[in-house]
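What follows is a short report on a single structure.
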Amino acid sequence: MIKRNLSAVRWYCINLLRWAGQWRKRGPLRDKVVCFDVEHDVWHRYLHILILFFHFRGYTVYLKHHFRFIGSWAPSDLFRRSGIFRLYLGHGPEHRAAWLFTDRQVGRPHVLLDADYHHVPGEKENGVRLPMPMVDSQYIEGDGYHGSVVEVTTPRERSVFFFGNMDRAAYDRSENPEVFGCFSRTHLLDTLRNELGDRVHEPTGPGDMKTPTGKYIVLLGRHHRYIAPRDLLKTLSQYEFFLAPSGVVMPLCHNIVEAMCAGCIPILQHPHLLSPALQHGVNCLAFRDERELLDLMRSLPDMPEDVLLTMRRNVLDHYRQYLTPEAVITMLEREGSGLERLRINGELASTRILRRRLDAMGISGPLPLPRTGTHNPSDHA
């Protein structure tokens, strides 16, 4: 208990000092106001990104002072990198706010922030689900705020590209297959290496990025080369497809949104988990098992150019309509005072909630697939 309290005091001082040093970022007060009254931050980067989105859209963002919230490592990146918000005590500016977001029921009008993020097919939707964003660094250091500036017809390499972490200890956990029915990142990459090794190129550094003849599957581990946020979208826009394997504890990962912003056609096992869902053959290429994955990957060199061009246009349209900061906040503004619950991805917290819900429903296996056809891998042409 003493150790925990000392840690809280330490984080409280660190976070406040970092936030105080960024006063220039706050700028003048704006007419539009939004307030957050959060005690337990289970959303980490996703809460951070939502606050950034409101700031980008011209809102003054207020956070209520809570020692428990500030005295934690969970919002540390928010305080360290994005001190654009103001702190308040009592009810402060809540009477002027378009919304008061809280993580619990309070005795005044509010929007409940909910980590129960994943929808179970057949259940009625309750509340609004915040779409998957890019990584926070892309909005702070890269071009995520400005959105896609990619021309649909710009020529690309007919290659599948993956860039990301390949740490086996982190990306071979059991949550993805057991809760979602999806391959872990390690399993997926190993399948390609083992079954299509003659078509796989794994660059070992900046000088090794040129794709050898016949090797159209490019797997770039960030341990070999780190692509800075300011360069990522430009790099992605060189490739036709993006392989979107699972994240650490859930299939969703920020890299699919970055790839779509750059106009890459995502190849994935979980189109139904995005909000809104992606559709096979329209704005993604989906597979359900290893056979479909391998058949799909073998078919890519022969896909007609007009099909690729249409899919790329659909990918960019989907990104612009649903996934930009402007699109997300506009969606909330359309809800207006009718917004009562906002479901935000809490990664491990959300995965554990889903597992408990499935168990309570008598589903011992993973999340069932929806009956609607987000998967239809029978014809990849």
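Each reported figure results from applying straightforward, stated rules to the coordinates on display, with no laboratory input. Values in this document were obtained by computation on a predicted structure and should not be read as measured data. Counting neighbours? That spans all protein chains shown, and the Cβs are built from the backbone with ideal geometry, glycine included.
In this structure the amide hydrogen of C284, modeled in the peptide plane, comes within under 5 Å of the amide hydrogens of Q279, none closer than 5 places in sequence on its chain.
Relative to the Cα centre, the charge distribution of the stretch 38-120, modelled as +1 at Lys and Arg Cβ and -1 at Asp and Glu Cβ, gives a dipole magnitude of about 320 debye.
Dividing the radius of gyration of the alpha carbons in the chain by their Kirkwood radius gives 0.98 for Rg/Rh. With θ taken as phi - 60° and the Karplus curve 6.51 cos²θ - 1.76 cosθ + 1.60 applied, the whole-hertz 3J(HN,Hα) list for the stretch 325-335 is x, 4, 5, 5, 5, 4, 4, 5, 5, 5, 5 Hz, x standing for glycine and proline.
Which residues among the stretch 254-268 fall inside the zone where the amide N is under 14 Å from a point 7 Å beyond the Cα of E195, along Cα→Cβ? Only 268 pass the distance filter. Between the amide H of V111 and those of L100, F101, T102, distances stay under 5 Å, these residues lying 5 or more places away or on another chain, with hydrogens modeled in the peptide plane. For the chain, relative contact order (Cα pairs under 8 Å, six or more residues apart, normalised by length) works out to 21 percent. The string of couplings for the stretch 164-179 from the Karplus curve (6.51, -1.76, 1.60, θ = phi - 60°) is x, 7, 10, 4, 5, 5, 7, 10, 10, 6, 8, 4, 4, x, 7, 9 Hz, one whole number per residue in order, with x for Gly and Pro. The alpha-carbon of K32 sits under 23 angstrom from the alpha-carbons of these lysines, leaving out residues fewer than 8 places away in its chain: K64.
With the Kirkwood sum run over all distinct C-alpha pairs, the stretch 148-323 has a hydrodynamic radius of 16.2 Å.
For Y239, the residues whose amide H sits under 5 Å from its own are E157, ignoring neighbours fewer than 5 places away on the same chain, with H placed 1.01 Å from N. Projecting the Cα positions of H254, P133, L17 onto the charge dipole of the chain (unit charges on Cβ atoms of Lys, Arg, Asp and Glu, taken about the Cα centre) puts L17 furthest along the positive direction. Each residue of the stretch 105-113 was assigned a 3J(HN,Hα) from its phi angle through the Karplus expression (A = 6.51, B = -1.76, C = 1.60, θ = phi - 60°), giving 6, 10, x, 8, x, 7, 10, 7, 7 Hz with x at Gly and Pro.
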